[in-house]
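Chemist: After the structure tokens below, expect a handful of questions from me.
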Amino acid sequence: MASAHKDVELSQLNTCEKIPYDELLKNHNAKISHKIGDFVKRRLYILNWLPEYDRTKAIGDFISGVTIGLTMIPQSLAYANLANVPAIYGLYSAFMGSIVYIFLGTVKEVSIGPTSLMSIITVSYTYEKPIEYVFIMTFICGCVEMLMGVFKLGFLVDFISVPVVSAFSSSTAILVIVAQLKNLFGIKFKAKSLPLTIVRLAENINQIKIGDTALGLFAIAFLLSLKKLNELGTKSSNVKLKKFLFYFSLCRNALIVLITGFIAYTISASEMELPFKLSEEVPAGIPSFQLPSFTAKVANETVEFDEIVMDIGSGFILLPLVSILANVAIAKAFTSGKIVDATQEMIALGMCNVLGSFFKSIPTCGAFTRSAVSNQSGIQTPFAGIYSAIMALMALTLLTQYFNFIPKATLAAILICAVLSLIDIRIGSKLWNKSKIDFLSWIGCIIACIAAGVEVGLLVGVALSMINIFLKAARPNVVIYVDKKKDEQIIYVRPSEGIFFPGIDSLREKINITLIKTDYKYPVVLDLIKISSVDYTSLQGIESIIMDLNKHNLTVTFANVDEKIQRRLNLIK
């Protein structure tokens, strides 16, 4: 019998398809290679669009890249001043992120570089500290961003609600505007917080310089007029006029720098006294590629890396979170509902900052204003970043001798006009009408940001917005009514939210009140159709409900129970 059984097995084997070992190994390696290829394409994102790159896309990227560069250069100088570092470090921050994002970035519209948001958070942690603190902050924040991407922690950003994002952006814009008033009016003082800045402005009101004020107001009027000109151009039926006004408007930052810089140069050449303050002298050249120093000198004493980390503290968490939030928000805004690979965006942003720190960059992320410019100027792929990076490098090597002719009031005007669009007050009335809790988180975030700083304000906003979630968990909505089923009266109970430990007592209380009102006459049917999971405390609470009913010789019937929950319920029956 054993021999016969063996013959059957051999017969069956002979009828099977024969696959040589080498072929099996080849198929296995092909599968592995396919998985590796997918991983490489997902992480080195340039491989997804580069094979289809053509002349048409190259022209679109060139036009868009140059346009972004004309916007980025004056903004970078202004954002460096906002971060309380010399203007040259803004340009150092303008090229590396653009280059790195070409290889790793997934959203063509994103323009990596200095932003008002990152600058104001940076200065809140590095105010009056050695500049090495800024580079260390850039490096570590980049590392944190990459780690968040590797461990897929992008969900943390989901806890920052839309009202909080709006409040945070509006508050940051207000802080930027108030902080730049001293440069706009030609006043010199130091102040870290908004309340202190207002006090210092009031104390120095008699020091306002007419020249700076006039030039600054002229620059603001010029910038806002050109922006409005573009809006009027969109209504025109003349295509050529529309394109001209569009590109003319996009160059408004570069134009105001050229105009006011030429005025300053002309006055200086005539050896007349300048009626307004100029930017500091900018050294020419590109910084050497090297690891940032992890120590700093303070009052002739060396501050070690661990002390610097303790000084910056929560900044190493808040700054990466905010930068990721900005990048993901930009990505969602310009991808027309497509799924955004948040993990890849975090890795790309992290690498931009890590490598940027080797060139003495301040912390960077995507900028809403530049991303809107890239979208409007017809960008095709992230390769447009190479042209804006080249323009920044050219500015560093060829134009630095002219940067010290840029008036400080002009840079202040550029910053003020750049952030004006971020202020959204109208959302307040919408939130008041639709959700008082969201209005509370919005107004609370604004007040905290202005009074205590953006880092505290963001945390306050998140905490307030979480109240709604906690209330729903603690007081879940429950549908309860007396029904008739098969000639029997029942009390029908259907929780419309999850049953977790904060809300189980509320559910038990509502059931008991109903039982009292019906004189303990009817059994209970607990419909769990909307419940996908329960915790230990909830199971204990359900057991208590069963015991309450058993005392009055009543039963509980469970309906529409998930299989996993059913197994857990069986343990308490």
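Chemist: Just name the residue that is farthest from V456 (Cα to Cα) out of those in region 261-312 that are in a loop (DSSP other than H, G, I, E, B) and among the β-branched types (V, I, T).
Modeler: Out of the qualifying residues, it is I286.
Chemist: Continuing with this model, one more query. Any residue in region 281-304 that's among the hydroxyl-bearing types (S, T, Y): show its pairings with residues that are exposed (fewer than 10 other Cβ atoms within 10 Å of the Cβ) and part of a strand (DSSP E or B) at Cβ separation under 9 Å, as long as the two are six or more apart or on different chains.
Modeler: Once the first residue is among the hydroxyl-bearing types (S, T, Y) and sits in region 281-304, its partners that are exposed (fewer than 10 other Cβ atoms within 10 Å of the Cβ) and part of a strand (DSSP E or B) give T295/T302.
Chemist: Identify, from the list I406, I425, I379, I414, the residue that is of a type outside the set (S, T, N, Q), open to solvent by less than 40 Å² (accessible area, probe 1.4 Å) and farther than 29 Å from P130 by Cα.
Modeler: I379
Chemist: Of the conditions (1) surrounded by 12 or more Cβ atoms within 10 Å (Cβ to Cβ); (2) in contact with a strand residue (DSSP E or B) (Cβ under 9 Å, 6 or more places away or on another chain); (3) outside any helix (DSSP H, G or I), Y520 clears all except one; give me its number.
Modeler: (2)
Chemist: For region 169-183, indicate whether the set of residues that are modelled with pLDDT of 90 or more and of a type in the set (K, R) is non-empty.
Modeler: yes
Chemist: Can you name the number of the only condition in (1) touching a residue at least 24 places away in the same chain (Cβ under 8 Å); (2) of a type in the set (S, T, Y); (3) closer than 18 Å to S421 by Cα that S225 fails?
Modeler: (1)
Chemist: Then there's this: Can you say whether D212 is charged (D, E, K, R), more than 22 Å from Q376 (Cβ to Cβ) and buried (at least 20 other Cβ atoms within 10 Å of the Cβ), as far as the supplied structure shows?
Modeler: yes
Chemist: Going by the conditions given, is F222 open to solvent by less than 60 Å² (accessible area, probe 1.4 Å) and either in a loop (DSSP other than H, G, I, E, B) or not hydrophobic (A, V, I, L, M, F, W, C) (or both)?
Modeler: For F222, the condition - open to solvent by less than 60 Å² (accessible area, probe 1.4 Å) and either in a loop (DSSP other than H, G, I, E, B) or not hydrophobic (A, V, I, L, M, F, W, C) (or both) - is not met.
Chemist: In region 462-478, which residue that is under 17 Å from T514 (Cα atoms) and open to solvent by 50 Å² or more (accessible area, probe 1.4 Å) is modelled with the lowest pLDDT?
Modeler: Taking the candidates together, the pick is R475.
Chemist: Only one residue in F168, F189 is part of a loop (DSSP other than H, G, I, E, B), open to solvent by less than 40 Å² (accessible area, probe 1.4 Å) and not acidic (D, E). Which one?
Modeler: After applying the criteria, what remains is F189.
Chemist: Could you count how many residues in region 314-332 are touching a residue at least 60 places away in the same chain (Cβ under 8 Å), over 14 Å from F139 (Cα atoms) and open to solvent by 30 Å² or more (accessible area, probe 1.4 Å)?
Modeler: Residues that pass the stated criteria total 3.
Chemist: Looking only at region 490-498, decide whether some residue is more than 46 Å from the chain's Cα centre (by Cα) and not assigned by TED's automatic domain parsing to the domain that holds S161.
Modeler: yes
Chemist: May I pose another question? Can you name every residue in region 239-271 that is open to solvent by 40 Å² or more (accessible area, probe 1.4 Å) and out of contact with any helix residue (DSSP H, G or I) (no Cβ under 9 Å at 6 or more places or on another chain)?
Modeler: Answer for region 239-271, where residues must be open to solvent by 40 Å² or more (accessible area, probe 1.4 Å) and out of contact with any helix residue (DSSP H, G or I) (no Cβ under 9 Å at 6 or more places or on another chain): V239, K240, L258, F262, T266, S268, A269, S270, E271.
Chemist: Just one of the numbered conditions (1) more than 25 Å from S388 (Cα to Cα); (2) not in a helix (DSSP H, G or I) is not true of L241; which one?
Modeler: (2)
Chemist: Is one or more of the residues making up region 504-516 farther than 18 Å from K485 by Cα, in contact with a Gly (Cβ under 8 Å, 6 or more places away or on another chain), surrounded by 12 or more Cβ atoms within 10 Å (Cβ to Cβ) and among the acidic types (D, E)?
Modeler: Yes, region 504-516 contains at least one residue that is farther than 18 Å from K485 by Cα, in contact with a Gly (Cβ under 8 Å, 6 or more places away or on another chain), surrounded by 12 or more Cβ atoms within 10 Å (Cβ to Cβ) and among the acidic types (D, E).
Chemist: Kindly indicate which of E109, E128 is part of a loop (DSSP other than H, G, I, E, B), farther than 14 Å from S323 by Cβ, open to solvent by less than 20 Å² (accessible area, probe 1.4 Å) and assigned by TED's automatic domain parsing to the domain that holds V257.
Modeler: E109
Chemist: If we scan region 479-499, do we find a residue that is open to solvent by 70 Å² or more (accessible area, probe 1.4 Å), modelled with pLDDT under 85 and touching a strand residue (DSSP E or B) at 6+ places or on another chain (Cβ under 8 Å)?
Modeler: yes
Chemist: Given the condition outside any loop (DSSP other than H, G, I, E, B) and under 23 Å from the mean Cα position of the chain (by Cα), answer yes or no: does some residue in region 390-399 qualify?
Modeler: No, the conditions are met nowhere in region 390-399.
Chemist: Then there's this: If we keep just the residues of region 546-563 that are open to solvent by 40 Å² or more (accessible area, probe 1.4 Å) and part of a helix (DSSP H, G or I), which is nearest to V534 (Cα to Cα)?
Modeler: Once the filter is applied, the top-ranked residue is E563.
Chemist: While we're here: Which members of region 47-101 meet the condition of being among the acidic types (D, E), in a loop (DSSP other than H, G, I, E, B) and either open to solvent by less than 10 Å² (accessible area, probe 1.4 Å) or touching a helix residue (DSSP H, G or I) at 6+ places or on another chain (Cβ under 9 Å) (or both)?
Modeler: none
The values are calculated or read from the model by the stated rules, or taken from the named source; none is laboratory data. Only a predicted model underlies this, so the values are computations on that prediction, with no experimental measurement involved. As a convention, Cβ positions derive from the backbone with ideal geometry for all residues, glycine included, and neighbour counts pool all protein chains shown. Surface accessibility is based on the protein's heavy atoms, side chains included, excluding ligands, DNA and RNA. Shrake-Rupley method; radii C 1.70, N 1.55, O 1.52, S 1.80 Å.
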